[in-house]
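To start, the structure itself, in structure tokens.
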Amino acid sequence: MLSIIQTIFRNKLIEDDRSPLFTFTIADHDLGLFPPAIGFWIQVLAIVILVGIFSCAMWAITYSVIIPNRGSTISFLVGFGVVCPLTLMYPFWLLDLLDVQNKLIRFCSSAIYPVTTMFHTLEGELL
């Protein structure tokens with residue numbers, strides 16, 4: 001399984017090697033219409049799936065441990081001692097494991113996922 005995922009992320013997507021499908025000139029500027037980068041979208045889909053699986057695990061901990069024990073010491077220990085640190089570390093660990101170098105993919109996976117899961121955990125803790 002890991003080798004399949006690493007094969008998907010073999011292309012680092014640092015340089016754009018696509019050729020334009022159609023080019024035209026407007027006011028002395030050459031413009032082109034490029035096809036979608038299929039490799040990029042496959043990598044984004046793989047990251048979304050991997051982050052979604054981990055999110056489900058963190059939300060399962062939230063629903064099974066934190067919400068039933070809301071306001072107790074165990075709830076705060078699990079929430080702020082397990083779920084929050086794992087939520088903050090997981091995207092960076094995953095990106096380093098897969099050697100993702102595309103800045104857009106790195107931003108999306110390390111900015112969107114932790115924020116939504118942290119809000120979800122804090123909501124389970126405090127409300």
Over the chain: helical MRE at 222 nm, DSSP H runs n ≥ 4 each giving -39500 (n - 2.57), nearest 500: -19500 deg cm²/dmol
Gln101 long-range amide H proximity, modeled H, under 5 Å: none
Identified option (computed Rg/Rh (Cα atoms, Kirkwood Rh); candidates (1) 0.91; (2) 1.01; (3) 1.17): (3)
Options Ile4, Leu33, Ile66, ranked by Cα towards positive dipole end of the chain, top entry (Cβ charges): Ile66
Neighbour net charge for Leu50 - beta-carbon separation under 15 angstrom, K R +1, D E -1: -1
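Rule-based calculations on the coordinates, nothing more; no lab input. Keep in mind that what you see is a predicted model, and the values were worked out from it rather than measured. For neighbour counting, all protein chains shown are included, and Cβ atoms are generated from backbone atoms with ideal geometry for every residue, glycine included.
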